[in-house]
1. Just give me the residues in the stretch 30-57 being farther than 20 Å from GLN6 by Cα and outside any loop (DSSP other than H, G, I, E, B), in sequence order.
2. Looking at the stretch 1-26, I want the residues that are within 23 Å of PRO73 (Cα to Cα) and have a partner that is part of a loop (DSSP other than H, G, I, E, B) and not polar (S, T, N, Q) with Cβ atoms under 7 Å, at least 6 apart or on another chain. Which pairs are those?
3. When both residues are 6+ apart or on different chains and their Cβ atoms are under 8 Å apart, which pairs have a first residue that lies in the stretch 41-64 and is crowded, with 19+ Cβ neighbours inside 10 Å, and a second that is β-branched (Val, Ile, Thr)?
4. So VAL8 ticks every box in (1) modelled with pLDDT under 80; (2) over 22 Å from GLN66 (Cβ atoms); (3) open to solvent by 50 Å² or more (accessible area, probe 1.4 Å) but one. Which box is left unticked?
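The values are calculated or read from the model by the stated rules, or taken from the named source; none is laboratory data. As the structure is a prediction and not an experimental result, all values here were calculated from the model. Cβ sites come from the backbone with ideal geometry, for glycine too, and all protein chains shown count toward neighbours. Keep in mind that these areas ignore ligands, DNA and RNA; they rest on the heavy atoms of the full protein, side chains included. Shrake-Rupley method; radii C 1.70, N 1.55, O 1.52, S 1.80 Å.
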Amino acid sequence: SKYILQTVGFDARFPNTNQTRNCFQNYTDYFKCIAAKGEDYAPCKQFKKAYNSLCPNEWISKFDDQRENGAFPASLEP
């Protein structure tokens, strides 16, 4: 099977090479979006693609654990 590898396009909110904030923002935007619109809402999937591309897998696991334990450091309410 063929895989298409893509990375996230430029986001003017994060002009620097350090993409830590971009990773975190896309992660929170995804969960805010699905809380507001549901998991099947197609535009939410762009946030998920972005954070999966930008964030190290260890960070995503840590964020997921924090969300499940109610200790995530940001509001995920829409």
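1. Matches in the stretch 30-57: PHE31, LYS32, CYS33, ILE34, ALA35, ALA36, LYS37.
2. Cβ pairs passing all conditions: ARG21/PHE14; ASN22/ASP11; ASN22/PHE14; CYS23/CYS55.
3. From the stretch 41-64, the pairs are CYS44/ILE34; ALA50/VAL8; TYR51/ILE60; LEU54/VAL8.
4. (3)
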